[in-house]
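Contents: one structure, followed by commentary.
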Amino acid sequence: MDKSYLAVISRKTDILKKATGIDYDHFEISPLAFDYDGLMKSCDFSLEDVGKILQEVGVGQTPLVELKNLTQLVRSISAPGKGARIFVKDEAANPSGSFKDRRAALSVYHAKNLGYKGVVAASSGNYGAAVASQAAKRGLKSIILQEVYDSRRKGQPEILEKTRACEAYGSEVWQLTVGPELFYIMLLVLEDTEFFSASLYVPTSILGIETLGYELAQQVLQQEGRHPDMVVVTHAGGGNITGTARGLQRAGSRDSSVVGVSVDLHGLHMASDTDFNRKSFTTGHTGFGIPFLTWPDRTDVPRNCARGLRYMDRYVLVTQGEVFHTTEMLAKLEGMERGPAGNTSLAGAICLARELDKAQILVVQETEYTAAGKLPSSQLTFARENGVEVKRGNPDDDQPGKVIIIPETIEQFRLKEYDMPEIRRSYVKKALDITRPYEPSSDDIQFLSEDSKASTEFVSQTIASLSSVETA
Amino acid sequence: MLDAKKGDLVKIHKIILEPDERTGNLPSSTKSVPYECWIKGFLLDKNAKLGNEVKIETFIGREISGTLFEVNPTYDHNFGEPQKEILSVGNEVKHLLKKSQNESKGV
């Protein structure tokens, strides 16, 4: 069989159908819309089933910890009566050290049930380790594909740590250089092995995360007799927001606002060989966060079940330096040494808690393990080696890829609020651009409205304004 | 001299795509370099030198061929050097917390 790039890419529909067990064509409604709920229900697991499957392998039921010292510190710089109670869901307590075990657990269980002998995942982050760990537990083989090196063969230390973790769990790891051709390798490996594609974006991956939102709501309800007022979620590909928000809804926490937080890496190109090692965060950043909100169907499966824009109420950005500072605070004030990337949402929570009343409850829904390669000292050493300046100062002066500013005080923490209507407009525009010259029907407008958490009027007005720009 | 013998843990290197075979929509810094990969496994050849074409058996038992790149590959990522910009953060916030606790107690 022809294994050249173009030949393999041309076989992608067949390869992915075999590798996921899902006929995505079945859920297409029009050139623009698809049956999202139908796709999510195509893997028939109730939330209770998922909880049991996760429990079998020691995933989930992680502690909800109130960060009393951090809360007091935030209150000391807040207006009178302000400063919500901050809780964190200690997801580092999962077997491979992050919430990604929830995504991997159900997918690997499902793969085994369907008779696959192994699983393949493309991930340079915690998800790869989670798939490797779950595959070990269920007796399946695993192959993890990682984007690790630039063309000088300099590896991002956090990703080198993930190579080590995956190999510790017995995976075959492909360490690749920078480039979107990772998808080609994935198809090639899936075709060669006939393994399951444990994509981050298949239904089982999202169903696994629903347990996180559900659990945290139940824990807050049991401990405090009420639902959380705000749940803060690190955002990259959208799965974390999607699963968590769906879980909250299932638990009846319909009034909890769901806030996405990403590290601001504006100006750095994600597929650039030279920018690759000028960033200190390999996920949870705007390089994934923004493109995945404005167009989720850019993944390794035809339709992405992680649809952040459907579920996000607000989107805010923090700086790399603010997250490193927060990581230090969590260790020194709360006795929890955790990985920086997992503290992205906590850095956002410092500012968000100041907006809320003292009686209100804010939940940061994850932490992650830390290790060599992940520590702030490791990342900042690497940043300097790659020509990035590191200094104390005002985070307003942060410049991704050039200067990392560690704030002098937490009063200097500032959120950059992303304009949600603008993101929704970009999403609608992208949908029209991709399907041009197709004219959206009223059903399509309904789909776009649900998919972007906007009113049908907003979608119709956006479409009208876009076509008037074209006419002009 | 031989660098590796059968059964040794080794790392192989493969060039997947040469620069002119890479996909169209790439920044020039990426498009001008080959797409490469490294994979670990146990050497299947009787013996080999660095740079030889060899076969390995990966950790899941698959056979893959490539150029012998490293013998006994070691993880060399580490904890980094102490960073003065973050070393003082802990004491700063502890001091502020103490001050706030004292104020709320009316000390």
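The values are calculated or read from the model by the stated rules, or taken from the named source; none is laboratory data. Just so it is clear, the model here is predicted, and its values are computed rather than measured. Don't worry about glycine lacking a Cβ; one is built from the backbone with ideal geometry, like all the others, and counts go over all protein chains shown.
Laid out as a table, the results:
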{"item": "Single condition A:S378 does not satisfy, out of (1) within 14 Å of chain B (Cβ to nearest Cβ); (2) assigned to a loop (DSSP other than H, G, I, E, B)", "result": "(2)"}
{"item": "Total residues in the range B:33-52, condition more than 8 Å from chain A (Cβ to nearest Cβ) and either surrounded by fewer than 18 Cβ atoms within 10 Å (Cβ to Cβ) or of a type in the set (V, I, T) (or both)", "result": "9"}
{"item": "Options A:S449, A:S455, A:S468, A:S426; residue that is over 30 Å from A:L352 (Cβ atoms), of a type outside the set (D, E, K, R) and surrounded by fewer than 20 Cβ atoms within 10 Å (Cβ to Cβ)", "result": "A:S468"}
{"item": "Residue that is nearest to A:A33 (Cα to Cα) [pool: residues in the range A:434-461 that are assigned to a helix (DSSP H, G or I) and at pLDDT below 95]", "result": "A:T435"}
{"item": "Qualifying residue in the range A:102-124 (condition: over 22 Å from the mean Cα position of the chain (by Cα), within 14 Å of chain B (Cβ to nearest Cβ), farther than 23 Å from A:T299 by Cβ and not hydrophobic (A, V, I, L, M, F, W, C))", "result": "yes"}
{"item": "Residue satisfying all of: in the range A:10-31; over 26 Å from the mean Cα position of the chain (by Cα) and either without any contact (Cβ under 8 Å) to a residue 40 or more places away in the chain or not in a loop (DSSP other than H, G, I, E, B) (or both); nearest to the other protein chains (Cβ to nearest Cβ) among these", "result": "A:S10"}
{"item": "Tally, over the range A:150-173, of residues that are within 22 Å of the chain's Cα centre (by Cα) and over 14 Å from B:Y75 (Cα atoms)", "result": "0"}
{"item": "Tabulated pairs, the range A:73-84, first closer than 16 Å to B:E103 by Cβ, second small (G, A, S), C-beta under 7 angstrom, 6+ apart or interchain", "result": "A:L73/B:S100; A:V74/A:G83; A:V74/A:A353; A:R75/A:G83; A:S76/B:S100; A:G83/A:A353"}
{"item": "Of all residues in the range A:167-184 being farther than 20 Å from A:S96 by Cα and more than 7 Å from chain B (Cβ to nearest Cβ), the one that is surrounded by the fewest Cβ atoms within 10 Å (Cβ to Cβ)", "result": "A:F183"}
{"item": "Any chance A:D44 is in the same structural domain as A:L188 (by TED's automatic domain parsing) and either in a helix (DSSP H, G or I) or within 30 Å of A:P440 (Cβ to Cβ) (or both)", "result": "no"}
{"item": "Only one of A:G128, A:G170, A:G155 that is out of contact with any Gly (no Cβ under 8 Å at 6 or more places or on another chain) and at positive phi", "result": "A:G170"}
{"item": "Selection within the range A:80-127 - in contact with a Leu (Cβ under 8 Å, 6 or more places away or on another chain), of a type in the set (A, V, I, L, M, F, W, C) and assigned to a helix (DSSP H, G or I)", "result": "A:A105, A:L106, A:V108, A:A111"}
{"item": "Residue ID - nearest to the other protein chains (Cβ to nearest Cβ), chosen from residues in the range A:68-97 that are polar (S, T, N, Q) and surrounded by fewer than 24 Cβ atoms within 10 Å (Cβ to Cβ)", "result": "A:S76"}
{"item": "In the range B:53-107, the residues that are more than 7 Å from chain A (Cβ to nearest Cβ), among the aliphatic types (A, V, I, L, M) and surrounded by 15 or more Cβ atoms within 10 Å (Cβ to Cβ)", "result": "B:V54, B:I56, B:I64, B:L68, B:V71"}
{"item": "Filtered residue count, the range A:298-314, keeping only those that are within 20 Å of A:Q249 (Cα to Cα) and touching a strand residue (DSSP E or B) at 6+ places or on another chain (Cβ under 8 Å)", "result": "5"}
{"item": "Out of A:A331, A:A353, A:A347, sole residue that is closer than 24 Å to B:K98 by Cβ and away from chain B (no Cβ under 14 Å)", "result": "A:A353"}
{"item": "Unmet requirement for A:G335, which otherwise passes all of (1) closer than 15 Å to A:L70 by Cβ; (2) surrounded by 24 or more Cβ atoms within 10 Å (Cβ to Cβ); (3) small (G, A, S)", "result": "(2)"}
{"item": "Residue that is surrounded by the most Cβ atoms within 10 Å (Cβ to Cβ), among those in the range B:10-32 that are within 8 Å of chain A (Cβ to nearest Cβ) and within 20 Å of A:S124 (Cβ to Cβ)", "result": "B:T30"}
{"item": "Condition check for A:V403: without any contact (Cβ under 8 Å) to a residue 24 or more places away in the chain and within 14 Å of chain B (Cβ to nearest Cβ)", "result": "yes"}
